[in-house]
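Taken together, the values in this text are just the output of simple stated rules run on the coordinates, not laboratory data. All values reported here derive from a predicted model rather than from experimental measurement. Cβ coordinates were reconstructed from backbone atoms using ideal geometry, including for glycine residues, and neighbour counts include every protein chain displayed.
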Amino acid sequence: MLKRLLICSLAILAALGSTAQPKGYFCSTKGMSLRYERYSPDNSKHWWTNTVTINDVQKAADGSLEITVSANIVPRNATPPVKGSVKTKSYLHADGTIEVNISEAAAIAAKKRFSAFNFTSSGGTSIMKATAKPGDKLEEIHAEVAWSGIKYNIDYTERSVVKKETITVPGGTFECIVIKEHKKESAPLYKRERITYTWYALGYGMIKHDSFFLDGRQETSEQLYGIETQ
């Protein structure tokens, strides 16, 4: 009898575990808003406020989550690049792997700003595993947005997990992994290259993001300043 009860108990625990919501380096709490502020390194210049909201979370039969996200960037003392928020979808798989399509998000934002053009996107899928650890090399990301014969490319190379670190920002204290990347944007008559370090926490996603010029000078620092839940 005791053996049968033990088997039944283990079966129940296994069933409960199989329906648990996966946790990755992305926020998957419906109704949660994360507010970020971007400043120059010495805080002398406020670049923008970026509010990211989890609008909806749908669970698939395989346990993965389809997460609808909106981002609203408001520059300081400037006209917003896009009127209103940009809504996209990301996918959190049952093993905690997060999948984000960077090129699709860029095309949606461009379409909102320049509605007269037909934008297409390709590539640009970012994959990050919940098991990522220092020393891991991450896949490169190559995204393209095209319109009227013009191509805008976004490339992330030399991607790696450089360390684990517990950091405190205005929005709280978080245990993070730190991702280093070489980011390059290019289009006709335009080129921009930066080295970036981004802190990610399980269940929340980005906590801090620092960008540097290629000569090592820091350009900006963006940090999580507040979390609200509806």
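My understanding is that a pair violates if its Cα-Cα distance is over 24 Å; which of LYS151/LYS184; LYS30/LYS137; LYS87/LYS151; LYS111/LYS180; LYS30/LYS87 do that in this structure? Mind dumping the intermediate values first?
Working: LYS151/LYS184 14 Å; LYS30/LYS137 31 Å; LYS87/LYS151 22 Å; LYS111/LYS180 30 Å; LYS30/LYS87 14 Å.
Where the Cα-Cα span goes over 24 Å, the pairs concerned are LYS30/LYS137; LYS111/LYS180.
Sequence gap at least 6, Cα distance under 8 Å: using those rules, report the relative contact order of the chain to the nearest whole percent.
Once divided by the residue count of the chain, the mean separation gives 18 percent.
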Subject >> Within the chain, helix-based [θ] at 222 nm, where runs of 4 or more DSSP H residues each add -39,500 (n - 2.57), nearest 500 >> reply: -4000 deg cm²/dmol
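Based on the Cβ-Cβ distance of GLU175 and LYS112, what FRET efficiency does E = 1/(1 + (r/R0)^6) give at R0 = 35 Å, to the nearest 0.05?
Numbers: r = 35 Å, r/R0 = 1.01.
Rounded to the nearest 0.05, the efficiency is 0.50.
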Original post:
What FRET efficiency do you get for ILE227 and LEU189 if R0 is 35 Å and r is their Cβ-Cβ distance, rounded to the nearest 0.05?
Top reply: 0.30
